[in-house]
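The values are calculated or read from the model by the stated rules, or taken from the named source; none is laboratory data. No experiment lies behind these values; they were computed from the predicted model shown. Cβ coordinates were reconstructed from backbone atoms using ideal geometry, including for glycine residues, and neighbour counts include every protein chain displayed.
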Amino acid sequence: MSFDYDLFVIGGGSGGVRAARVAAAEGAKVALAEEDRYGGTCVIRGCVPKKLMVFASEYSGMVEDAQSYGWDIQPGAFNWDAFKGKLHAELDRLEGIYRNILKNNGVESFDQRAKLADAHTVELADGTKKTAKHILIATGGRPVWPDLPGAELGISSNEIFHLEKLPESILIVGGGYIASEFAGIMNGLGVKTTQYYRGAQILRGFDDEARGLVSEEMCQRGVDVKLGTNVLEMRKEGDKIWVKATNGDEQLFDKVMFATGRSPNSDNLGLEALGIELGRKGEILVDDYSQTKVPSVYAIGDVTDRVNLTPVAIREGMAFVETVFKGNPTKPDHELIPTAIFTQPEMGTIGLSEEDAREQEPIEVYATSFKPMQQAFAGRSERVLMKLIVSQATRKVLGCHIVAPGAGEMIQLAGIAVKMGATKEDFDRTVAVHPTMSEELVTMKAPVRTG
Ligand code: NDP
């Protein structure tokens with residue numbers, strides 16, 4: 001049987017574009033459909049604009065620090081319009097790069113929505129049908145709104161990059177990556193920032209000591225982190241939004257942003273009719289090779305809700321191409337993934353938290369928390385954390401947790417050692433780079449806790 005294409009990819013985000021490009025480079029005839037902008041969540045409304053906003057927000061503190069170092073400079077006002085214009089020009093540039101990657105590799109792209117008509121047929125929004133030997137779904141995810149009166153007055157992380165003007169006050173709801181990162185960004189940009197989290201501590205699932213320090217430092221820097229608190233109801237009051245909280249607080253905010261989780265984009269793709277199974281959250285269920293119950297259909301990235309990170313989606317896309325187009329069955333590796341949360345201060349982490357490791361086996365905990373030289377000299381009281389979780393039996397480092405400026409950069413490198421199975425003694429054998437913050441990772445002598 002002959003098909004129009006060897007591969008049809010639905011979704012032009014990080015995972016889909018990578019799979020399309022690499023398959024095409026292998027000589028496959030490839031098409032890709034994207035209903036929105038190329039580059040997906042990461043490039044258009046996620047990691048990239050978020051990180052640029054983190055950079056923008058960090059300059060406020062830098063001016064004061066520079067004064068402490070003898071510079072005669074005065075802080076000025078942040079100009080949202082100037083920044084926003086540059087930000088969106090940069091995103092346009094990056095989208096162009098993504099489109100060119102496809103074009104230059106001979107991938108045919110369709111700027112419209114696509115869904116599955118049968119196991120080998122994709123139907124485009126204009127009614128055109130295309131057949132393909134393999135179909136890859138890489139449609140990502142979207143923010144979910146909580147179900148409460150007035151929730152429609154809030155925005156999500158999708159809209160935060162398009163604000164007409166910077167609000168004077170904002171309420172951020174949620175305690176995950178997105179909520180905690182944007183609390184830091186808004187606070188740094190001079191917005192009076194409140195964060196509601198329904199649980200006992202933000203960043204659930206990460207090492208307790210690390211997330212405790214992030215939360216404490218966020219409060220120190222001015223974010224009003226309200227734990228054990230959620231929104232009960234909201235309504236419009238003049239130009240503002242009136243919010244009633246579960247603890248009885250009533251407050252007015254200029255903006256309310258929900259960062260209360262994300263949901264897989266698996267609706268109206270024709271999946272159920274084909275017998276493709278979905279999980280409880282609507283995620284596409286796949287095997288270790290990203291294959292669905294329909295052998296010609298694969299899925300990667302956030303729509304499968306495995307580990308929702310851009311570099312993981314890219315790895316899943318590469319493993320798919322390796323398996324299907326290179327005859328080399330390859331499972332994406334979801335073990336020991338380093339990750340950074342761009343809170344202020346940043347957290348970098350790989351492996352098990354102290355709590356999870358202790359459940360698994362007897363451990364030693366090495367940790368040090370101190371005031372780093374650069375900030376201490378500037379008169380700041382902020383602390384950083386360097387922490388290793390070590391297996392008593394194998395001496396392997398099971399987890400590494402860093403809370404510090406630049407923790408994302410540090411964990412990428414420490415992550416190589418941990419991924420290689422380095423022991424505490426391997427860390428100890430490594431000479432310290434002095435004076436740095438991360439040298440503490442190789443100079444911690446005695447465990448602070450065992451058991
Ligand atoms: P998360 O799932 O990480 O966090 C959702 C948060 O919202 C949790 O704190 C959750 O609370 C809370 N929540 C859920 N439902 C409600 C509700 N009805 N009312 C109040 N609070 C609620 O989602 P995010 O949206 O923050 O991020 C999505 C994913 O995107 C992350 O898991 C991550 O994989 C990825 N990401 C990665 C980044 C990075 O690498 N730096 C940056 C941003 C996103 P509870 O804990 O109680 O469930």
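Out of F370, F320, F325, F342, one residue alone is in contact with a helix residue (DSSP H, G or I) (Cβ under 6 Å, 6 or more places away or on another chain), of a type in the set (F, W, Y) and within 30 Å of E58 (Cβ to Cβ). It is F342. Just to be sure I understand, how many residues within the stretch 30-71 are of a type in the set (G, A, S), within 22 Å of L189 (Cβ to Cβ) and either in contact with a strand residue (DSSP E or B) (Cβ under 8 Å, 6 or more places away or on another chain) or within 13 Å of the ligand (Cβ to nearest atom) (or both)? Going through the stretch 30-71 one residue at a time, the tally reaches 1.
If we scan the stretch 143-162, do we find a residue that is of a type in the set (S, T, N, Q) and in contact with an Asp or Glu (Cβ under 8 Å, 6 or more places away or on another chain)? No, every residue in the stretch 143-162 fails to be of a type in the set (S, T, N, Q) and in contact with an Asp or Glu (Cβ under 8 Å, 6 or more places away or on another chain).
Does N158 qualify as being in a helix (DSSP H, G or I) and over 30 Å from R306 (Cβ atoms)? When the stated conditions are applied, N158 does not pass them. Listed by first and then second residue, the pairs linking a residue in the stretch 195-212 that is on the phi > 0 side of the Ramachandran plot and in contact (Cβ under 8 Å) with a residue 40 or more places away in the chain to a residue that is away from the ligand (no atom under 11 Å from the Cβ) and part of a loop (DSSP other than H, G, I, E, B), with Cβ atoms under 8 Å apart and 6 or more places separating them unless they lie on different chains, are G205/S353. If you go through the stretch 269-296 and pick out every residue that is buried (at least 23 other Cβ atoms within 10 Å of the Cβ) and in a strand (DSSP E or B), you end up with 1.
Scanning the stretch 334-346 for residues that are out of contact with any Pro (no Cβ under 9 Å at 6 or more places or on another chain), hydrophobic (A, V, I, L, M, F, W, C) and part of a loop (DSSP other than H, G, I, E, B) yields L336, F342.
Note on the stretch 349-364: residues that are within 27 Å of the chain's Cα centre (by Cα) and either of a type outside the set (A, V, I, L, M) or not in a loop (DSSP other than H, G, I, E, B) (or both) total 11. Taken together, the residues in the stretch 1-20 that are of a type outside the set (D, E) and in contact with a strand residue (DSSP E or B) (Cβ under 8 Å, 6 or more places away or on another chain) amount to 12.
Of the residues examined, G270 is one that is away from the ligand (no atom under 16 Å from the Cβ) and in contact with a strand residue (DSSP E or B) (Cβ under 8 Å, 6 or more places away or on another chain).
Checking each residue in the stretch 322-379 for being surrounded by fewer than 19 Cβ atoms within 10 Å (Cβ to Cβ), hydroxyl-bearing (S, T, Y) and touching a Leu at 6+ places or on another chain (Cβ under 8 Å) picks out T339, T368, S369. When the stretch 305-333 is filtered for residues that are touching a Ser or Thr at 6+ places or on another chain (Cβ under 7 Å), assigned to a helix (DSSP H, G or I) and either closer than 21 Å to D267 by Cα or within 14 Å of the ligand (Cβ to nearest atom) (or both), the ones remaining, listed by number, are T310, A313, I314, E316. A count restricted to the stretch 210-241 and to residues that are buried (at least 19 other Cβ atoms within 10 Å of the Cβ) and closer than 20 Å to M386 by Cβ stands at 7.
As for the stretch 344-359, it holds at least one residue that is hydroxyl-bearing (S, T, Y) and within 16 Å of the ligand (Cβ to nearest atom). Applying the condition of being out of contact with any Phe, Trp or Tyr (no Cβ under 8 Å at 6 or more places or on another chain) and crowded, with 20+ Cβ neighbours inside 10 Å to the stretch 132-176 and asking which residue is nearest to Q201 (Cα to Cα) yields G141. Only residues that are in contact (Cβ under 8 Å) with a residue 24 or more places away in the chain and either polar (S, T, N, Q) or outside any helix (DSSP H, G or I) (or both) were counted across the stretch 37-76, and they come to 9.
Here is the figure for the stretch 119-151: residues that are within 16 Å of the ligand (Cβ to nearest atom) and either in a loop (DSSP other than H, G, I, E, B) or modelled with pLDDT under 95 (or both) total 10.
Confirm whether K244 is within 16 Å of the ligand (Cβ to nearest atom), surrounded by fewer than 18 Cβ atoms within 10 Å (Cβ to Cβ) and of a type outside the set (S, T, N, Q). Answer is yes for this residue.
Could we say that L87 is modelled with pLDDT of 95 or more, touching a Leu at 6+ places or on another chain (Cβ under 8 Å), aliphatic (A, V, I, L, M) and within 25 Å of P49 (Cβ to Cβ) here? Answer is yes for this residue.
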